[in-house]
Ligand code: GDP
Ligand code: MG
């Protein structure tokens with residue numbers, strides 16, 4: 001007999017897609033499936049993520065595939081739907097998100113952020129499944145709460161024609177961007193074709209199928225990636241000030257384990273940061289009581305998990321960068337280089353000539369995505385970058401272009417606030433600030449402006 005298969009870690013799952021397609025609702029629906037409040041082994045809310053023990057997944061997934069083997073210990077679904085978490089969960093140009101759910105509204109088909117999500121997934125080579133959501137909006141749909149998609153469709157013969165029509169349109173649109181897509185039960189080759197799952201985030205049809213695929217697909221395609229290794233690796237998702245704790249960093253522990261007292265090395269705005277883990281925190285299971293500051297302390301936590309780290313001197317940590325652990329003193333210098341690598345790489349993309357636009361984003365992940373789009377699609381040089389809100393000094397830096405190439409006296413600000421003073425100075429100096437939270441929109445605005453300038 002073959003040796004029993006190796007232990008795998010939990011796959012990390014992101015939800016992406018256009019605004020209003022039902023990402024949040026779908027996550028809620030999946031989450032509410034088997035919430036056993038406070039009970040051991042139940043679905044638990046973590047920092048930035050929801051943790052699904054395999055038993056909870058199994059209760060739904062078995063409706064679709066009774067014979068499915070479970071090698072992953074649980075699923076970790078990242079809670080911030082949209083690009084944010086996906087672009088942040090990456091390191092050295094590859095994604096730490098193991099598999100994504102791309103949500104498409106069946107009534108609308110592919111929309112701008114759908115396309116943008118697809119581009120990001122392709123760029124990072126992340127496998128994904130498509131939730132064809134809002135099937136309950138097909139005219140005459142009869143709800144089959146939490147039923148497998150196929151059974152629900154069979155019970156809804158009356159809407160078959162509309163469903164087929166919309167399914168076909170989506171398939172064609174996906175083919176136009178280079179993806180063969182099939183309803184997952186008709187998909188003979190998961191490696192080559194995208195799997196589509198009809199879902200309703202309101203009544204829950206297709207949710208069992210989605211959960212089944214979130215187990216099956218990683219076990220088929222990602223076993224190598226999911227082999228458990230005890231090399232601790234985290235990504236900083238958010239830097240937050242918490243009453244009583246000071247500045248904390250919310251991380252996803254993507255590999256290995258983390259202990260209280262560990263020496264951590266982080267990427268800071270002005271250079272590497274070294275600190276000691278004072279506390280490893282997860283939310284209290286009784287969070288719904290809204291007791292303030294009720295975090296659980298842990299001595300040690302294992303991947304994959306969402307964790308709040310409390311430590312000294314984290315204020316300048318850049319979101320979307322790695323947090324690494326030094327097991328001994330001599331490693332620290334090497335790790336400092338490691339944590340700064342992505343930020344340095346982004347800085348290396350700044351045009352040597354010093355001529356170009358100024359680009360600003362909320363996190364390193366989104367900045368990288370933006371720079372890649374700028375280089376590939378728009379072919380526009382970049383003279384400066386920054387992370388965080390647009391301040392007066394950013395405007396001052398961008399204004400340098402007024403002398404060289406006035407049409408580049410521009411700040412492309414992605415998903416960040418513009419301080420009032422910055423806006424005033426920009427108006428005064430005639431520096432253009434373009435803001436958007438969809439990369440395409442940012443480009444569209446910038447392109448329209450460039451055309452105007454050239455005339
Ligand atoms: P997000 O922007 O992708 O997170 O979308 P939301 O989850 O906030 O949903 C946007 C709107 O669509 C809300 O009004 C939801 O109630 C609605 N919605 C989401 N999923 C479904 C669905 O499966 N069926 C129907 N009928 N409405 C849905
Ligand atoms: Mg939402």
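Rule-based calculations on the coordinates, nothing more; no lab input. What you see is a predicted model; the values in this text were computed from it and never measured. Here the Cβ is made from the backbone with ideal geometry for all residues, glycine too, and neighbour counts use every protein chain on show.
Descriptive notes on the structure:
- Note: relative contact order over the chain, using C-alpha pairs below 8 Å and six or more positions apart, is 14 percent.
- Counted residue by residue at 0.36 nm each, then reduced by the alpha carbon distance between them, the extension gain from residue 65 to residue 453 reaches 133.7 nm.
- Taking every DSSP beta bridge that has both ends in the chain, the antiparallel portion is near 60%.
- Using R0 = 41 Å, the C-beta based FRET efficiency linking residue 169 and residue 312 works out to 0.15.
- Ordering of 80-90, 345-355, 423-433 by packing [mean C-beta count within 10 Å, highest first]: 80-90, 423-433, 345-355
- For the pair residue 28 and residue 108, label points projected 7 Å from Cα toward Cβ lie 1.7 nm apart.
- Principal axis dimensions, largest first and in whole angstrom, of the chain by Cα: 68, 58, 47
- Segment residue 402-residue 193, extension gain: residue separation times 0.36 nm, minus the distance between their alpha carbons: 70.3 nm
- Net lengthening on full extension, residue 423/residue 337 (0.36 nm per residue, minus Cα-Cα): 27.4 nm
- At R0 = 56 Å, FRET efficiency that the Cβ-Cβ distance of residue 247 and residue 222 yields, to 0.05: 0.95
- Shape category assigned to region 161-292 from the gyration tensor of Cα positions, a/c cut at 1.5: prolate
- Two-decimal Rg to Rh for region 76-222 - Kirkwood Rh, Cα set: 0.96
- Taking the convex hull of Cα positions in region 219-271, its mean projected area over all directions (nm²): 5.6
- For region 378-415 versus region 128-156, the gap between their alpha-carbon centres in whole angstrom: 47
- Rounded if a/c under 1.5, otherwise prolate or oblate - region 388-452, Cα gyration tensor axes: oblate
- Structure-based [θ]222 nm, the chain - -39500 (n - 2.57) summed over DSSP H runs of at least 4, per residue, nearest 500: -9500 deg cm²/dmol
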